[in-house]
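I have placed the structure first, in the form of structure tokens, so that the comments after it can refer back to it.
The values are calculated or read from the model by the stated rules, or taken from the named source; none is laboratory data. None of the values given here were measured: they were computed from a predicted structure. Here Cβ is always computed from backbone atoms with ideal geometry, including for glycine, and neighbour counts include all displayed protein chains.
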Amino acid sequence: MKGGEKELSMDLVLKLREARRLRGLSQKDVARLSGVGQKTISSFETGERIGSLKLAQLKRLLGVYGLSEAEFFGGTIEQKIAPWELDESQMATTRLLDDLHSLPKRVQRDLLAKFQLIVETITDVYGEPEKERFAPEPSYRDRELAGSHRY
């Protein structure tokens, strides 16, 4: 296994283990809920058999953890595991999104619609925004929430 592949595998191992722990589940619980064997889950979480993880198994595990593939690979887990590793901008964005999610759904939709208008106005005035100027790519959950607003 090459250096980059080993690092990616370790990230995957850590993410799988921590996703389960964040949900407060044992490997036995996950095996029962997902249909993936307990020994198989253990071997994935130790890295012993992470290279043989099948997409169907990953999807079943993520379903138990309440995560989409986009959330799992997009950084949601990292934010929960090690928030201190986020830069200042990412931390501010995370706090803002947490605050937003604590509001009633109707208020969330209204605020997101207003924010979208602000972004569109800035884009009209200054042209296409640079990636660094705005918050990171929204999670699957945030995109779903924003998409549920009907104009």
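Quick notes on this one:
- Any hit, segment 96-109, residues being of a type in the set (Ser, Thr, Tyr), modelled with pLDDT under 90 and in a helix (DSSP H, G or I): no
- Pro129 meets each of the listed conditions (1) at pLDDT below 75; (2) under 21 Å from Thr76 (Cβ atoms); (3) surrounded by 11 or more Cβ atoms within 10 Å (Cβ to Cβ) apart from (2).
- Condition met for Gly24 (at pLDDT 90 or above and either surrounded by 17 or more Cβ atoms within 10 Å (Cβ to Cβ) or out of contact with any His (no Cβ under 8 Å at 6 or more places or on another chain) (or both)): yes
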